[in-house]
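Report on one structure; see the data block that follows.
Throughout, read-outs are computed from the coordinates displayed, never taken from laboratory work. On a predicted model such as this, the values are computed, not experimentally measured, just so you know. Cβ placement follows ideal geometry from the backbone for every residue including glycine, while neighbour counts extend to all protein chains displayed.
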Amino acid sequence: MSVVLSAATLADAPAISGILAGWVDETPWMPRIRTPQQDSQIGQWLMEKMPVTVARKDGALPGFMAQRGDEIHALYIAPEARGGGVGGALLAQAKSQSERLALWCHQANTGARRFYARHGFEETQTSDGQGNDENLPDVYLVWTRGTP
């Protein structure tokens, strides 16, 4: 079955929260900065702040993307769905609606950096992490129409 994208609803908030909290749990270099209670509410918080698109595949919600204008704030895929086209489908939809997309990614997140490079994003600047919640060094990535 193919990936179906749609706007997130409040009913999707627990799945979104679970994907994000699960990623933090499985990532050894990522500090835990939220309580379990806050983790359980992050999906709803994201939806209150910006549009969130969810991917559905085979009756599950394997991934989501939160985006405001041309800035991607979060794109996370459940472990069992990684490499299955879910992230690519979310990015393809965003690209189809934008001339430019940009995001910050932690420098240590080499898998995500490779993913974005495959999708035509270029690393344009780095920071020491003072501008993000985790205080981890990050990199700014930009895609513009006309790049692959």
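Please identify, among Thr53, Thr35, Thr27, the residue showing maximal mean-square fluctuation in a Gaussian network model of the chain using a 10 angstrom Cα cutoff. Taking springs between Cα atoms under 10 Å, the residue moving most is Thr35. Amide H contacts for Arg34 (H built 1.01 Å from N in the peptide plane; partners 5 or more residues away or on another chain; cut-off under 5 Å): none found.
Here Asp58 and Ser98 are evaluated by their C-beta separation; at R0 = 22 Å the FRET efficiency comes out at 0.20. Note on segment 113-148 and segment 1-72: Cα centroid distance 20 Å, given to the nearest whole angstrom. Dipole check for the chain: with +1 at the C-beta of Lys and Arg, -1 at the C-beta of Asp and Glu, and the Cα centre as origin, the magnitude is about 400 Debye.
Look at Val24, Val3 and count the other Cβ atoms within 10 Å of each Cβ; fewest to most, that gives Val24, Val3.
Remark: spin-label model distance Tyr140-Thr124 equals 0.7 nm, labels positioned 7 Å along the Cα→Cβ axis. Taking amide H atoms as placed 1.01 Å from N in the peptide plane, the amide H of Arg100 lies under 5 Å from those of Arg145, each 5 or more residues away in sequence or on another chain. Highest mean packing first, where packing is the average number of other Cβ atoms within 10 Å per residue, the peptides 6-16, 60-70 line up as 60-70, 6-16. Within segment 4-144, antiparallel bridges make up roughly 95 percent of the DSSP beta bridges whose residues both belong there. Label point of Glu80 set 7 angstrom out along Cα-Cβ; within segment 34-69, amide nitrogens under 15 Å from it belong to 56-63. Normalised by the number of residues in segment 1-143, the average gap of Cα pairs under 8 Å and 6 or more apart makes the relative contact order 20 percent.
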